[in-house]
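The values are calculated or read from the model by the stated rules, or taken from the named source; none is laboratory data. Predicted model only: the values in this text are computed from it and were never measured. Here the Cβ positions follow ideal geometry from the backbone for every residue, glycine too, while neighbour counts run over all protein chains shown. Only protein heavy atoms, including side chains, enter the accessible area calculation; ligands, DNA and RNA are left aside. Shrake-Rupley method; radii C 1.70, N 1.55, O 1.52, S 1.80 Å.
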Amino acid sequence: MEKLVIEGNHQLRGEVQISGAKNAVLPIMAAALLVAGETKINRVPDLRDTRTMAKLLEVIGVQIQFADGKMMIDATSIDKPIAPYDLVNKMRASFYVLGPLVARFGKAIVSLPGGCAWGPRPVDYHLKGLEKLGAKIELEGGDIIAKSKKLIGNKIRFDFPSVGATGNIIMAATLAKGETKIENAAKEPEIVQLCEFLVSMGAKIDGIGTTDIIVEGVNELLPCEVSVIPDRIEAGTFLIAGAALGKITLKNTIPEHLSVVIEKLTEVGAEVVIDKNDITVKRAKKINAVDVTTAVFPGFATDLQAQWIALMSIATGSSIVTDTIYNDRFSHVPELNRLGANITVEGNSAIVRGVKGLVGAKVRSTDIRASASLILAGLMAKGVTEVNHIHHIDRGYEKIENKFAQLGAKIKRISVDD
Ligand code: UD1
């Protein structure tokens, strides 16, 4: 096991390179299952989650090479279309292999993901969508068994624009017979990139980036090459750090993916300057308390909610942070309170009463974004903060302590005995 030890209250200054987006590369890797031949992916972040997805694809029988941010996936033939519990349990995005496997090979066995630190997180939309496309779905021993000789296009309407279900059904529909219309689809940038990648493979998709997506199935797709978009959540995390702690220039971003965060940080009092793909953020002299309600894109991302609460914990005044995507996603709150924050949770809202300053303590991270929130709080706190259970952060942030250390943070990774 490892922990991060942070001596807080130091200014941050300099440039940071934003990595490729975790939530974009995972469905792209799964989409490589749709095609015989070599898929080449550039700017792949070296994360625990990308390695878990690579391992899963290897278990299925796919050939993978991964070095220096470049991944080559050859899914010409596969041995067994099975996603086992131990991998799905580590990473729910493993469920992305379901649609492509059924579409291309006619069968998939994918362990049903359980709940997670932020609530039940069902997969019913994925399954109902595949059933609409003609797949026969059964649950056996905790595994979803999906079968179909040939998927047939249909009209599917999601009750909520689920990112994962939209990606899964689009991938499945690319090789289905006829037209699939998805209503109330997700339009997150990662789904847009998945669609554009599929189109470059020969898929026929209309309405990309809107809530109504139409996929006209084709007989086969062709392998191609793609570069992963920058991670807007990693970028948002560094923007929030800069707003509290100094002057940071983020390199390799897509500012339009960050519009709401930038707007909110300006309300907070930070200075934000955009120069093409770079964004510079300068700390707020006084951190204003600003309410946030998470929403689907282009709204404020739920994946930045925990980091926002960390910033608001030292604001002047009180703010309300509401999560409409995940009602229970507040496991970071008791840990932030250990650092001296004054936060209470009521329903799906956190009431954050700003305090003068945080004081270092031992804390424990419970998921990827909660870890990021605790690191930010540790960087803002006086004294030493130990963030334990940091395997979570490694799932979604590439070398986060090195990136912060380059900006002047006193942060190091230490091995600890179990
Ligand atoms: C993705 C992201 C995750 C982000 C989330 C919301 C990846 C790998 N992960 O997760 O980081 O926090 O989008 O932006 O891209 N729901 C159902 N039934 C379903 C599917 C979803 O009820 O079948 C509900 C969920 O419980 C949740 C909401 O829909 O309340 C949104 O979930 P969804 O968009 O599917 O999130 P993920 O794709 O799992």
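Among the listed pairs 22/128; 40/107; 55/80; 22/285; 286/412; 356/410, which are separated by more than 23 Å between their Cα atoms? Mind showing how you got there, number by number?
Details: 22/128 26 Å; 40/107 25 Å; 55/80 13 Å; 22/285 33 Å; 286/412 29 Å; 356/410 21 Å.
Too far apart for the 23 Å limit: 22/128; 40/107; 22/285; 286/412.
Just from its helices, what would the mean residue ellipticity at 222 nm be for the chain, if runs of 4 or more DSSP H residues each count -39500 (n - 2.57) and the sum is divided by every residue, rounded to the nearest 500 deg cm²/dmol?
After summing the helix terms and dividing by residue count, I get -9000 deg cm²/dmol.
When only C-alpha pairs under 8 Å and at least 6 residues apart count, what is the relative contact order of the chain, in percent?
Details: 1045 pairs, mean separation 86.4, N = 418.
So the answer I get is 21 percent.
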With each label point set 7 Å from Cα along the Cα-Cβ vector, what nm distance links residue 355 and residue 204? 6.0 nm
Pairs 70/181; 149/204; 362/399; 264/362: which exceed 23 Å Cα-Cα? 70/181; 264/362
Testing the spin-label approximation: label points 7 Å from Cα along Cα→Cβ at residue 402 and residue 145. State their distance in nm. 4.5 nm
The chain: most fluctuating residue of 338, 369, 329 per GNM, C-alpha cutoff 10 Å: 338
Most mobile of 140, 335, 38 in a GNM of the chain (Cα contacts under 10 Å): 140
Percent carbon-and-sulfur accessible area, region 1-110, ignoring ligands, DNA and RNA, probe 1.4 Å: 44 percent
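Send over a whole-number figure in Å² for the accessible area per residue of region 22-227, probe 1.4 Å. Mind dumping the intermediate values first?
On the way: 8400 Å² over 206 residues.
Counting only protein heavy atoms, the per-residue value for region 22-227 is 41 Å².
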For the chain, built as a Gaussian network whose Cα springs stay under 10 Å, the top-fluctuating residue of 323, 143, 86: 86
Pick out, from 17, 102, 167, the residue whose Cα sits farthest towards the positive end of the charge dipole of the chain, with +1 on the Cβ of Lys and Arg and -1 on the Cβ of Asp and Glu. 17
FRET efficiency (residue 15, residue 196; Cβ distance; R0 30 Å; to 0.05) is 0.60
Between residue 276 and residue 86, what FRET efficiency follows from the Cβ-Cβ distance if R0 is 35 Å, with the result rounded to 0.05? 0.20
Measure out, as a whole number of angstrom, how far apart the alpha-carbon centroids of region 251-330 and region 357-400 sit. 18 Å
Residue-wise, which Karplus ³J(HN,Hα) couplings in Hz belong to region 133-148, taking 6.51 cos²θ - 1.76 cosθ + 1.60, θ = phi - 60°, and x for glycine or proline? 7, x, 6, 9, 10, 10, 10, 9, x, x, 9, 8, 10, 10, 9, 6
Keeping all protein chains in position, work out how much accessible area residue 10 exposes to a 1.4 Å probe, and write it in Å² to the nearest 10. 60 Å²
Pop a pseudo-label 7 angstrom from the Cα along the beta-carbon direction at both residue 66 and residue 160 and give the gap in nm to one decimal. 2.9 nm
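Kindly state, to the nearest 0.05, the FRET efficiency for residue 1 paired with residue 78, given R0 = 35 Å and r defined as their beta-carbon distance. Mind showing how you got there, number by number?
Values: r = 35 Å, r/R0 = 0.99.
After rounding to 0.05, the efficiency reads 0.50.
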